[in-house]
Amino acid sequence: MPTYKLHYFDMHGAAEVSRQLFILSGTPFIDSRISKEQWPLFKETTPFGHLPVLEVDGRPLPQSQAIARYLAKEFGFYGKTPFESAWVDALADQIKDFLTEMRPYFDVFVAGSDKEKARVEIAMPAISKHFPFFEKAAKDNGSNGHFVGDSLTFVDVYIADRIVTIDGMLPGFADAYPSVLAIRDKVINDPRLKEWIATRGTRRVAGEVLVDLRK
Amino acid sequence: MPEYKLVYFAFRGLGEVPRQLFSLAGVKFENVRIEDADWDAGKRPETPFGQMPVLFVDGKPIPQSFAINRYIANQYGFAGKTPFEAALVDAFADQFKVDFNTEFKKYWYVKQGDEPGDVEEMKAKHGIPARDSFFPLVVKQLKKSGSGFIVGDAVTWVDVLVANATDYITVLEKDLLNDYPEILAHKEKIHSLPGLKEWLKIRE
C-alpha cells in the first residue's frame, strides 16, 4: 500500500471529501494540517501554490477534485461503468459550478456586512438554479441515497459535506430537495464515518496525525 | 462502436475539445450545432443540467464538458497511462479551467468584444496575471516530462485542452504568448498529430 499524506488547512474546505474517502475505505493516511503561519513557506513547496496536495509515496498531486477522483478510483467510489463514472464527474463539476456561484455569498458570510442581501441576491438564486437539477438526478437514479448507481461514489460524499457546511450558514436551505438530502443522510450516517465525524473537531490545529481507523 | 452525438452551440467554445478528441481517436461522431438564435428562442435540445455541451452515447446523455472530455479520453487512450498520470492530467485541466480561465476570461471576453470594458485595463488586471500564473506551471511540467506532452510520454486530453487555448489566444492576439516559446511549440506539436491535423483544416 502506498503512503498517503494529505496536506490542507485545518478546515473542511476542499479536502474533507478526500479525508472521508480514506476513512470510508479504511485506508490509513497522514492528515497534515498547515497553519496560517506555516503557509507562506509551505506554499513554495506545492506544485500549484495552493492546497490541498496529496502525496502518494512522496509524489505530490494538487487540485482537490483530481485528488478525490484519484482516491475514488483506488477505493472503488467511482461508479461501476465508464458511463457511471462520467456522471459522477458531471455532477461533481456541476456542484463545483454551484459553489463558484455561491462564493460571493460565502465571502460576505465570513467577513462581510449585508448577509441578508447576499442571501437573497446570490445564495437563493444559485440554490434554486442548481438544486432542482441535483434533485432530478437523484430521483432519476431511484432516490436510493446515491447520485449514481447503487453504491457510494465520491460525489455523494461531496454533496453531503457541502450541504452540512452550507446548512450551518443557511439552516434548512435544501429542505425542498428530499432526494438530495437522502444522499446527505446516507453519508453522514455511514457507520464507517461515525468516529471521524464525532472526533474531528478535537484534533490539533497544525501538524501531522496518522489516521488509522482500521479495527 | 457506440453511436456518439455531441450537441453544442454552432461555435467552438466548450465543444471544440471533444470534437478534437474524437478526431484524434479517429472516431465518427454526429456533430450537432445549435444556433444561438434557436437556443435563445427556447428551441433547445433536452439537456440534463440545462446547459451544453452534452454527449449522447447510444442515446444516453453525459453533461459537463470535462466529464465528456475525460469519458472520450478514457475510451480511446488519452487519459494518461497510470492512475497517477490520469490524476495529474485532471489537476492541470482543473488548474486551467478554475484557476486560469475564470480570471483570464474577464479579459478575453472584453478583448473578443463579447463584453464591454477597457481592453488594456482588463489585460493588465486579469489577462496578464492569469497568463503568468498558469503557463509557467505548464512549461515547468513540459520540462519535467521531456516528451513534448504535458503528462507522460503520449498525448492526453489536457494537451488538447491547452493547445486549443494557445490556438484561440494567439489567433486573436498574436504576441500574448511570446514569452512562452515552449507553449507555442507544444501547440504546433499537438496540432500536427494525425486525425487532429485533418480536423483543423475542415472545422468551422
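The values are calculated or read from the model by the stated rules, or taken from the named source; none is laboratory data. In this text, all values refer to a predicted model and were calculated from it rather than measured experimentally. Every residue, glycine as well, gets a Cβ built from its backbone with ideal geometry; the counts of neighbours run over all protein chains shown. Please note that ligands, DNA and RNA were not included when accessible areas were found on the heavy atoms of the full protein model with its side chains. Shrake-Rupley method; radii C 1.70, N 1.55, O 1.52, S 1.80 Å.
Restricting to the stretch A:101-119, name every residue that is of a type in the set (Val, Ile, Thr) and either open to solvent by 80 Å² or more (accessible area, probe 1.4 Å) or assigned by TED's automatic domain parsing to the domain that holds A:Tyr70 (or both).
Hit for the stretch A:101-119 is A:Val110, nothing else.
From (1) open to solvent by 60 Å² or more (accessible area, probe 1.4 Å); (2) within 11 Å of chain A (Cβ to nearest Cβ); (3) basic (Lys, Arg); (4) within 19 Å of the chain's Cα centre (by Cα), pick out the condition that doesn't hold for B:Lys106.
So B:Lys106 meets the others, but not (2).
Out of the residues in the stretch B:117-142 that are buried (at least 17 other Cβ atoms within 10 Å of the Cβ) and of a type in the set (D, E, K, R), which is nearest to B:Asp159 (Cα to Cα)?
B:Arg131
Give, as residue ranges, the helices (runs of 4 or more DSSP H) completely inside the stretch B:1-78 that count at least 1 residues that are farther than 16 Å from B:Asp159 by Cα.
Details: elements: B:16-25, B:36-40, B:65-76.
Here the list reads B:36-40, B:65-76.
Identify, from the list A:Ala174, A:Ala118, A:Ala111, A:Ala137, the residue that is of a type in the set (Gly, Ala, Ser) and in contact with a Gly (Cβ under 8 Å, 6 or more places away or on another chain).
A:Ala118
Filter the stretch B:82-98 for residues that are of a type outside the set (Gly, Ala, Ser) and modelled with pLDDT of 95 or more and give the result. Break it down stepwise before answering.
First pass over the stretch B:82-98, keeping only residues of a type outside the set (Gly, Ala, Ser): B:82-85, B:88-90, B:92, B:94-98.
Those that are of a type outside the set (Gly, Ala, Ser) and modelled with pLDDT of 95 or more: B:Thr82, B:Pro83, B:Phe84, B:Glu85, B:Leu88, B:Val89, B:Asp90, B:Phe92, B:Asp94, B:Gln95, B:Phe96, B:Lys97.
Taking B:Pro45, is it surrounded by 14 or more Cβ atoms within 10 Å (Cβ to Cβ) and at the interface with chain A (Cβ under 7 Å from one of its Cβ atoms)?
Here the answer is no, as B:Pro45 does not meet what is asked.
Just one of (1) surrounded by fewer than 24 Cβ atoms within 10 Å (Cβ to Cβ); (2) under 18 Å from the mean Cα position of the chain (by Cα); (3) over 15 Å from B:Phe92 (Cβ atoms) trips up A:Ala66, so point out which.
For A:Ala66, the exception is condition (3).
Residues in the stretch A:29-49: is at least one surrounded by fewer than 19 Cβ atoms within 10 Å (Cβ to Cβ), among the basic types (Lys, Arg) and within 19 Å of A:Asp93 (Cα to Cα)?
There is no residue in the stretch A:29-49 that is surrounded by fewer than 19 Cβ atoms within 10 Å (Cβ to Cβ), among the basic types (Lys, Arg) and within 19 Å of A:Asp93 (Cα to Cα).
Give the residue, chosen from B:Glu204, B:Glu182, that is in a helix (DSSP H, G or I) and either open to solvent by 10 Å² or more (accessible area, probe 1.4 Å) or among the aromatic types (Phe, Trp, Tyr) (or both).
B:Glu182
Can you pull out every residue in the stretch A:126-170 that is on the phi > 0 side of the Ramachandran plot and open to solvent by less than 10 Å² (accessible area, probe 1.4 Å)?
Looking only at the stretch A:126-170, we keep the residues that are on the phi > 0 side of the Ramachandran plot, and these are A:142-143, A:145, A:149.
Listed by number, the list holds a single entry, A:Gly145.
Would you confirm, using the coordinates I've provided, whether B:Ser145 is open to solvent by less than 50 Å² (accessible area, probe 1.4 Å) and not basic (Lys, Arg)?
The answer is yes for B:Ser145.
Limited to the stretch B:46-83, what total is found for residues that are of a type in the set (Phe, Trp, Tyr) and closer than 20 Å to A:Leu61 by Cβ?
Selection size over the stretch B:46-83: 2.
For the stretch B:66-94, name all the residues that are open to solvent by 10 Å² or more (accessible area, probe 1.4 Å), polar (S, T, N, Q) and within 10 Å of chain A (Cβ to nearest Cβ).
Residues satisfying the conditions are B:Asn74, B:Gln75.
Could you look through the stretch B:1-40, keep only residues that are among the charged types (D, E, K, R) and either in contact with a strand residue (DSSP E or B) (Cβ under 7 Å, 6 or more places away or on another chain) or at positive phi (or both), and pick out the one that is most open to solvent (accessible area, probe 1.4 Å)? Quick ask: steps written out before the conclusion?
Step one: of the stretch B:1-40, the residues among the charged types (D, E, K, R) are B:3, B:5, B:12, B:16, B:19, B:28, B:30, B:33, B:35-36, B:38, B:40.
Remaining after also requiring either in contact with a strand residue (DSSP E or B) (Cβ under 7 Å, 6 or more places away or on another chain) or at positive phi (or both): B:5, B:19, B:30, B:33, B:36.
On the way: B:Lys5: 73, B:Arg19: 2, B:Glu30: 105, B:Arg33: 66, B:Asp36: 76 Å².
If we take residues in the stretch B:1-40 being among the charged types (D, E, K, R) and either in contact with a strand residue (DSSP E or B) (Cβ under 7 Å, 6 or more places away or on another chain) or at positive phi (or both), then B:Glu30 is most open to solvent (accessible area, probe 1.4 Å).
For the stretch B:31-57, which residues satisfy the criterion of being farther than 30 Å from A:Glu135 by Cβ and out of contact with any helix residue (DSSP H, G or I) (no Cβ under 7 Å at 6 or more places or on another chain)?
B:Arg33, B:Glu35, B:Ala37
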